[in-house]
Amino acid sequence: MGLYPEIEPYDQGMLDVGDGNRVYWEVCGNPRGKPAVMLHGGPGSGCTPGHRRYCDPAAYRIVLLDQRGCGRSTPHASVYGTDMSVNTTERLMADLELLRRHLGIERWLVWGASWGSVLGLRYAQTHPGVVSELVLTGIATGSNPEATLLTHGLGRIFPEAFERFLAELPEPDRTGNLASAFNRLLESPDPAVRERAARAWTDWETAIIPAPPRSVERYEDPAFRMGFARTVTHYFGNDHFLGEGNDEGVVLGDTHRLKGVPGTLVQGSLDFGNLLGTPWRLHRAWPDSELTVVDEAGHDWGAPGVVEALVAATDTYARRQAARPGLTAATRTARPAPAPRSRCRRCTRRPRSRGARRSGGRAG
């Protein structure tokens, strides 16, 4: 079992979310199905057709959106002068709520990868009652230690790439908040300075997060490269706009707010985020979650084993809803899901499968 077949949206539009921003959205699958919203990574990667394929289109009403400043949303972060002060976590969550109401959805499953897992977790914590389940991969919580690991920390593992990365910065900025330092360059009025900074940042991303060619090739698009680097450094350099929390960070510190929300966590064993124990700590603090670790997979939700676990999760949640009274006949025609994993809520480990189809790689 791999991804569901490629499909096209049956509805799409541009939602005016205020602050001069318009957010692209689309819906595919079953108009009467179980609602699910897919949150891409980055921040600033944008959604892809691959995001449509993790949910059964016969069972789900699948919603995709490009978060502020990326993909088909406007204005794009790659455009110099785009106001990034209105691109924050709080505003992204407000956009989700505006879209949910626009589409007439009461509750939806939230699927998130990488940054999308941070956004999905915080959205569920701060908007009780609107998230039916969470399915997360490439787990992150937006804490300062995570951002430090992805900049300074991994320099010890990739010293040559790290030296090239630092070389783009002025000497005094090479020991502090590297994301903030790069963001200052990306806000420079000199386009040559902005371009060198964007290239240095995405070269570092490529060095520390091995990904399939299709995922790496996106950095060759100048608009994607600039918008992505500018957005990521904007968030990393500002504590992901999550506010001050305890030593674990705001999201992990507020895990108690997820009580009663079922969650599935799927993590590659080779994901560098595991060096901080983030997925395990989140699972331990969230009794309603299940954690599956996939051997030989990294920060890639198109990897064999990861795909199967994610699809199994959305299939299981669709089947549980279809078993409840009052649902439409169309929803009940969903493809039968595989038997659910043990309900003991303990951490499970899933070996890498060799036969899965890929999604096109890391989404940001």
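The values are calculated or read from the model by the stated rules, or taken from the named source; none is laboratory data. It should be emphasised that the depicted structure is a prediction, and the values quoted were computed from it without experimental measurement. Every residue, glycine as well, gets a Cβ built from its backbone with ideal geometry; the counts of neighbours run over all protein chains shown. Protein only, heavy atoms only, side chains kept; ligands, DNA and RNA dropped before computing areas. Shrake-Rupley method; radii C 1.70, N 1.55, O 1.52, S 1.80 Å.
Laid out as a table, the results:
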{"quantity": "Calculated from backbone phi, Karplus (6.51, -1.76, 1.60) coupling profile of the stretch 113-119 in Hz, x at Gly/Pro", "calculated": "10, 6, 4, x, 6, 4, 4"}
{"quantity": "Karplus 3J(HN,Hα) series, Hz, for the stretch 47-63 with 6.51 cos²θ - 1.76 cosθ + 1.60 (x for Gly, Pro)", "calculated": "7, 10, x, x, 5, 6, 9, 8, 10, 5, x, 7, 10, 10, 9, 9, 10"}
{"quantity": "Of all accessible heavy-atom area on the chain, the percent that carbon and sulfur account for (1.4 Å)", "calculated": "53"}
{"quantity": "5 angstrom amide H check on Leu3, placed H, neighbours 5+ away", "calculated": "Arg357"}
{"quantity": "Accessible solvent surface per residue of the chain, calculated while the other protein chains remain in place, 1.4 angstrom probe, Å²", "calculated": "41"}
{"quantity": "Amide proton proximity set for Leu109, modelled H, under 5 Å, gap of 5+", "calculated": "Ala36, Val37, Ser132, Glu133"}
{"quantity": "Other-chain or far-sequence residues with amide H under 5 Å of Gly263's (modelled H)", "calculated": "Leu134, Ser289, Glu290"}
{"quantity": "Full-stretch length increase - Trp280, Glu6 - with 0.36 nm per residue and alpha-carbon distance subtracted", "calculated": "95.4 nm"}
{"quantity": "Val86-Ala323 FRET efficiency (beta carbon distance; Förster radius 35 Å; 0.05 resolution)", "calculated": "0.25"}
{"quantity": "Option label - semi-axes √(5λ) of the Cα gyration tensor in Å computed here, alternatives (i) 33, 26, 19; (ii) 32, 23, 19; (iii) 37, 28, 17", "calculated": "(ii)"}
